[in-house]
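Everything on this sheet refers to the single structure shown next.
The values are calculated or read from the model by the stated rules, or taken from the named source; none is laboratory data. What you see is a predicted model, and the numbers here were worked out from it, not measured in a lab. Here the Cβ positions follow ideal geometry from the backbone for every residue, glycine too, while neighbour counts run over all protein chains shown. What goes into the accessible areas is simple: the full protein's heavy atoms, side chains included, and nothing from ligands, DNA or RNA. Shrake-Rupley method; radii C 1.70, N 1.55, O 1.52, S 1.80 Å.
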Amino acid sequence: MKTAVYPGSFDPVTRGHLDVIKRSSKICDELIVAVIHNPNKKSMFELHERVAMIENSIKDLGNVKVDTFVGLLTDYVTSKNVNVIIKGLRAVTDFEYEFQMALMNKGICSEIETLFMMTSPEYSFLSSSLVKEVAVLGGRVNEFVTDYVYDQIMNKLGKGGEK
Ligand code: PNS
């Protein structure tokens, strides 16, 4: 496979996302991690912060780059001359929504294929939303994200320096 796009909000990137990034990077020549800029969705981290956290986490992966997009994913993917979208699947609960999005994207652009990468079992419960919820309520999230991301979360919550 030549180039594939792995899209998401990555607010923030978790070890589950990184697992999908690492494994996907082994089966394609180039992987573009595409971070959505959605002005209508409230995020904990600004776009540039979400990008910086991913870039910090993928330094060792030579064929992975990070980009941003606004609007339709299919427009972005087409603009990059790519026809493969990679999505992570954690559990049955992800399936219905992901299936719907994959079919809608196919309906918008029939050339684009969506491939699903099953999560590694140890990350099957992990989501950015849960990491944020636990962190906001004072729980420990350091094992779910990289040290860099953990520090960014703590800084955001005004708890910089806490381990
Ligand atoms: O990490 P997320 O929040 O699950 O990522 C969702 C994302 C960004 C992949 C999805 O919302 C998306 O593709 N948004 C772009 C807008 C779009 O194309 N909408 C139609 C999708 S069927």
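Assorted remarks:
- When the listed pairs LYS80/LYS106; LYS42/LYS159; LYS42/LYS132; LYS87/LYS159 are checked against a 23 Å cut-off, the alpha-carbon distance exceeds it for LYS87/LYS159.
- Only protein heavy atoms count here; under a 1.4 Å probe, LYS132 has an accessible surface of about 40 Å².
- Segments 146-155, 60-69 sorted - mean Cβ within 10 Å per residue, highest first: 146-155, 60-69
- Over the chain: Kirkwood hydrodynamic radius from C-alpha pairwise inverse distances, Å: 16.3 Å
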